[in-house]
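The values are calculated or read from the model by the stated rules, or taken from the named source; none is laboratory data. Everything numeric here is computed off the predicted structure, so don't read it as measured data. Positions of Cβ are generated from backbone atoms using ideal geometry, with glycine treated the same way; all protein chains shown enter the neighbour counts. SASA here: full protein model, heavy atoms, side chains in, ligands and nucleic acids out. Shrake-Rupley method; radii C 1.70, N 1.55, O 1.52, S 1.80 Å.
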Amino acid sequence: MTVVVMIVVLIIMKEKIKMRIYVKDLNKHLDQKIEFSGFVDSIRNLQWVQFVIVKDLTGKVQVTIEKSEEKNKEMVELIESLPLESTVKITGKLISSPKVKLNGMEIIPEKIEVTSKSEHEIPFNYKNIDGVNLDTRLDYRFIDLRSEKNQLMFMVQSSFIKYMREYLYNNNFIEIHTPKLIGAASESGAEVFEVKYFDRKAYLAQSPQFYKQMAMASGLEKIFEVAPCFRAENSNTSRHATEFTSFDVEFSYINSYEDVMNLEAEMLTYALTKLKEEFGEKVKETFGLDIVVPTLPFPVMKLKDVYKELEERYNYKVPESEKTDLTTEAEKLSYKLAKEKFNHEFLFVVDYPADKRAFYHMRNEEGKLQGYDLIWRGVEITSGAQREHRYEKICENAKSKGLGEDVKFYLEFFKYGCPPHGGFAIGVDRLTMLLLDIPTIKESQFLFRGPNRLNP
Ligand code: AMO
C-alpha cells in the first residue's frame, strides 16, 4: 500500500516539477512537445521562414517558424522586432531534421513567450572582443560572461574544485568554514583590510592559516576550506587580486613537509586526470590547448639551484640580495627549466631562507625551513609547509618576528597538545588562469577585485 502511495506521489511530483531541458539533453526528447528556455542568440528572417537560434549554457538549438502559416502570424511579428539577447520560453515540438546543421534537429514552436526583452544595442559584442577594452568588459562582466569561452572557463573551474574536493573526501578530509571577520591582523599584519566593527576595529582574513591550524589542535586531523582571502596589497599585476579564492588544506601526524608536497601533487594529478576526461575535448576545441596530466612525483629543486641553473642555461643573473625568493622573471624562466630538465609543468621549490618566510613554518635542527612553493607554468600557485607545532619554538619564532599581542590567541593552540601537522594553500583564480592560458587574473576571476576595482 505505502509503495503504491509513494509511486503515485512521485508521478504527481514529476508532473508538477518540470525540470528544465538543456540543449545537451534534447536528443532524449525527439518527437515530443517540449518547453525550452534560453537567450536569443541570432535571428535569420528570410522571405518564407524565420530561424531563431536559442542558446543555453550547454549549446544552441534552432527554432523554425514557417511564415506562410496563418497560426504563426503572431509569432512571426514578435520575432521581427525581437532584440537579440532577450530571453524566451518556447513551447513546441522537437523534431529530427538531418538538414539542420545545428544538432540535426529543430523546434517547431506553437508559442513563444518573451521572458525578458533586451535593449537592441548591447554595451559590446561579447562574441568578438577584439579591440574591446578590458575595463569595458569588466564593467559589464555579466555580458562578458555570456561568451562560450567564459562559460566553459567557469564550468571547468567548478569541476577542478569538485575533483580536488573529491580527492580529499576520498582521503578522510572534512570541509570546514572559518571566519573571515577577525579581531587581530593574521599572518604578518601588514596587508590587511580594516573594517569598522561596531565600536571597534576588525580585519578581513588574509588567510585561514591560524584557524586551519586550530582545527589540528582540535583533533580534526584532516581539513580543507575553499573560501575568500583578502589582501590589502596595492599590486597591479596579472596575478594579484585584493580578494581571491583560496583552496586551503591542513592535516595532522605528518613526518615532514615532503608529506605535504606529496599530498598536494597527488591531489592535483587526480583532479587534472578527471578534468581531462570531462573537459579535454571541449577545452581543446574552445581554447586550442591540452589539459596536461602531470606525472608523479613532481620535481623538486632548491631555491639556490634554481638560480644557478637559470644563470647557466639562460644567462639570467640577479644580485645575491634578490635571491631570497623567486623574482617574477625567475618564476617565468623556471617553467622553461622544469620543461627542459624534468619534462614537467610543475616545480616544487624548497630551501627558502628561513628568516624570509612566515614564522609558523617549521625550521629543522639546522635552522632550515621546512616549507615550499609550487610553481606551475611559471607562476607560484601554492605556499605550503610543515608547521611549527612545539609551543616553545613557535613562541620563539613569533618573538623573533616581533609578533606579540596579535598572535597570543594563536600561540594558545599549541599549549594543550597539538599534533605535528602541515598544509598548503592554492590560489584558485591563478589555477584557472594557468590551466586555460588566460592572460590575467582579471579574466579568470568571476568578478575581479583589485586596487582600482570594486565594482560591479
Ligand atoms: P600565500 O600568501 O603564499 O600563502 O598564498 C597562497 C596562494 O594564494 C594565492 N595568492 C593570491 N592569488 C591572487 N591574488 C593575490 N594577491 C594572492 N596572494 C596569494 C597564490 C599563493 O600561492 N597561509 C599560506 C598558505 C599555507 O601555508 O597554507 C598563504 O596564505 O596562489
Taking max minus min of the Cα coordinates of the chain on each principal axis, largest first, gives extents in Å of 88, 68, 49
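Given Cα pairs under 8 Å that are at least 6 residues apart, what percent is the relative contact order of the chain?
Numbers: 773 pairs, mean separation 56.1, N = 456.
Worked out over the chain, it gives 12 percent.
Dividing the Cα convex hull volume of region 195-324 by residue count, how many Å³ per residue is that?
Numbers: hull volume 30.3 nm³, N = 130.
So the per-residue hull volume is 233 Å³.
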Taking Thr87, Thr328, Thr273 and ranking on accessible area (1.4 Å, protein atoms only), highest first, one gets Thr328, Thr273, Thr87
Phi angles of region 257-271, converted by Karplus (6.51 cos²θ - 1.76 cosθ + 1.60, θ = phi - 60°) into ³J(HN,Hα) in whole Hz with x for Gly and Pro, give 5, 5, 4, 5, 4, 5, 5, 4, 4, 5, 5, 5, 5, 4, 5
Per DSSP, the loop-located trypsin sites (Lys or Arg not before Pro) within region 394-456 having at most 12 other beta carbons within 10 Å are Lys415
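If you count only protein heavy atoms with a 1.4 Å probe, what accessible area per residue comes out for the chain, rounded to a whole Å²? Intermediate results must be reported in sequence, preceding the final value.
Numbers: 23910 Å² over 456 residues.
Each residue of the chain exposes 52 Å² on average to a 1.4 Å probe.
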Pseudo-spin-label distance Phe409 to Ser81, built 7 Å along Cα→Cβ, given in nm, is 6.1
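Starting from 0.36 nm per residue, how many nanometres of slack lie between Asn343 and Tyr314 once their C-alpha separation is accounted for? Could the numbers behind the result be given before it?
Details: separation 29, 0.36 × 29 = 10.44 nm, distance 1.70 nm.
That works out to 8.7 nm of additional length.
Would you mind getting me the FRET efficiency between Phe193 and Lys276? Use the beta-carbon distance for r and R0 = 35 Å, nearest 0.05. Mind dumping the intermediate values first?
Numbers: r = 38 Å, r/R0 = 1.08.
So the FRET efficiency works out to roughly 0.40.
Are there any trypsin sites (Lys or Arg not before Pro) in region 310-387 that are in a DSSP loop and have at most 12 other Cβ atoms within 10 Å? List them by number. Don't skip to the answer; put the middle values down first.
Details: sites: Arg313, Lys317, Lys323, Lys332, Lys336, Lys339, Lys341, Lys356, Arg357, Arg363, Lys368, Arg377, Arg387; in loops: Lys317, Lys323, Arg357, Lys368, Arg377.
Sparse-neighbourhood loop trypsin sites (Lys or Arg not before Pro): Lys317.
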Note on region 313-423: C-alpha Rg/Rh, Kirkwood Rh, two decimals, gives 1.06
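Classify region 315-371 as rounded, prolate or oblate from the Cα gyration tensor: take a ≥ b ≥ c as the square roots of its eigenvalues, call it rounded if a/c is under 1.5, otherwise prolate when a/b beats b/c and oblate if not. Let's see the in-between values first.
On the way: a/c = 2.71, a/b = 1.57, b/c = 1.72.
It is oblate, given that a/c is not under 1.5 and a/b is not larger than b/c.
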Output row, site Lys24, 7 Å Cα→C-beta label point, backbone N cut-off 14 Å, window region 32-73, residues 56-60
Under a 1.4 Å probe, counting only protein heavy atoms, Ser235 has an accessible area in Å², nearest 10, of 30
Probe 1.4 Å, all chains present, heavy atoms only: His177 accessible area in Å², nearest 10, is 140
For the chain, percent of DSSP beta bridges that are antiparallel (nearest 5) comes out at 90
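Please compute the length gained on full extension between Val114 and Ser238, using 0.36 nm multiplied by the number of residues separating them and subtracting their Cα-Cα distance.
Contour length minus Cα-Cα distance gives 40.6 nm.
Just in region 194-258: which chymotrypsin sites (Phe, Trp or Tyr not before Pro) are loop by DSSP and have at most 15 other Cβ atoms within 10 Å? Mind dumping the intermediate values first?
On the way: sites: Tyr197, Phe198, Tyr203, Phe210, Tyr211, Phe224, Phe230, Phe244, Phe247, Phe251, Tyr253, Tyr257; in loops: Phe198, Tyr253.
Answer in residue order: Phe198, Tyr253.
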Taking the dipole of the chain about the Cα centre (Lys, Arg +1; Asp, Glu -1; charges at Cβ), the one of Thr273, Val54, Gln157 that reaches farthest to the positive side is Val54
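At R0 = 25 Å, how high is the FRET efficiency between Ala184 and Glu221 if r is their beta carbon distance? Nearest 0.05 is fine.
Values: r = 26 Å, r/R0 = 1.05.
For R0 = 25 Å, the calculated efficiency reads 0.40.
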Diffing region 156-167: the Karplus 3J(HN,Hα) column from phi (6.51, -1.76, 1.60, θ = phi - 60°), in whole Hz with x for Gly and Pro, holds 5, 4, 4, 5, 4, 5, 4, 6, 5, 4, 4, 4
